[in-house]
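The values are calculated or read from the model by the stated rules, or taken from the named source; none is laboratory data. Computed from a predicted model, the values in this text were never measured in an experiment. Methodologically, a virtual Cβ is constructed for each residue, glycine included, from the backbone with ideal geometry; neighbour enumeration extends over all protein chains shown.
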Amino acid sequence: MKIAFIADPLDGFKTYKDTTFAMMAEAVSRGHQIFAFEPRDMAVAGGAVTANVAQLTLTGEPDDWYRAAPRRAQSLAEFDVVVMRKDPPFDMEYVYATYLLQLAENQGACIVNKPAAIRDHNEKLAILQFPQYTTPTLVTSDEQRLRAFHAEHRDIILKPLDGMGGTGVFRIKDDAMNLGVIIETLTANGRQTIMAQRYIPEIVKGDKRILLIGGVAVPHSLARIPQGTEVRGNLAAGGVGVAQPLSERDLEIANGIAPILAARGLLLVGLDVIGDCMTEINVTSPTCFQEIRQQTGFNVAAMFVDALEKSV
């Protein structure tokens, strides 16, 4: 197969932990050809969606890890599959990219994850479709509603709807210290919608990343455990990842959601679960493939490429 990856700049990859790299390496090990481009490389000319794409050769070195052939303009329909792996922020440029990819789909391209499904599943708001698996949650830009939510639950988390890696996440304890200024900052004085959730004490045991591939759960999660006084378990915020088998509740959540999301065109999904509650549904560029394989031996990238081959 010819597999094209839409990704962030390749020179920024940390190959020892990068999930997109793991996908690429697994694909190459099976004899597939791999290509890469960024969203900014796409264009529509004469009605056709094209991109300036470079074919890649992997060197086997951890740092100087690839060689790129000269870029050339190609129709996205020329590839067997195009894998969307651009990291958030999910800003308007990201939205525009999904529109171009959707047009490419109409022209015969196979895109993973499905562009319309990415656009329709905000990684924070998508959990609202599955309230049976969530902690009490409020979505609003109204300060009085947020204050009332805190008064009811006493210990809450506030976060923006477009962040990643734990950016902009605040815990407000019973004393309500700095509640007003945090609300003002996150909502831009009432102009931006945010999410409030009841604090889940089990965060001390980790924010579990549960991967769903082709409607099936990977049997191990990566519990990202906060360090020191940090409330966030995100690896980007200094959390330590510990792989562990899925619990009965993890499986209940995963098996309840996985077939629904797969049917919507989401081949790869990363659920975030704290304790018994799901807090996010990640669909843009879920990670943790390498950490799970390094600690358990389970080859997540192989499971993903298996699903990719079946989808084509």
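Here are a few things to note about the model shown:
- One residue from Arg198, Arg224, Arg209 being on the phi < 0 side of the Ramachandran plot, crowded, with 18+ Cβ neighbours inside 10 Å and in contact with a Cys (Cβ under 7 Å, 6 or more places away or on another chain): Arg209
- Scanning the stretch 16-58 for residues that are in a helix (DSSP H, G or I), under 25 Å from Tyr96 (Cβ atoms) and of a type outside the set (A, V, I, L, M) turns up Thr19, Thr20, Pro39, Arg40, Asp41.
- Of the residues Gly215, Gly165, the single one that is on the phi > 0 side of the Ramachandran plot, modelled with pLDDT of 95 or more and not assigned by TED's automatic domain parsing to the domain that holds Thr19 is Gly215.
- Pairs where the first residue, in the stretch 178-197, is of a type in the set (D, E, K, R) and the second is surrounded by fewer than 17 Cβ atoms within 10 Å (Cβ to Cβ), C-beta under 8 Å, 6+ apart: Glu184/Glu143; Arg191/Ser141
- Some residue of the stretch 280-297 being touching a residue at least 40 places away in the same chain (Cβ under 8 Å), aromatic (Phe, Trp, Tyr) and either under 18 Å from Gly239 (Cβ atoms) or not assigned by TED's automatic domain parsing to the domain that holds Gly241 (or both): yes
- Taking strands (runs of 3 or more DSSP E) as the structural unit, those lying wholly within the stretch 138-204 and holding at least 3 residues that are in contact with a helix residue (DSSP H, G or I) (Cβ under 8 Å, 6 or more places away or on another chain) correspond to 156-160, 194-198.
- Filter result (touching a residue at least 12 places away in the same chain (Cβ under 8 Å) and either charged (D, E, K, R) or part of a helix (DSSP H, G or I) (or both)) within the stretch 121-131: Glu123, Lys124, Leu125, Ala126, Ile127
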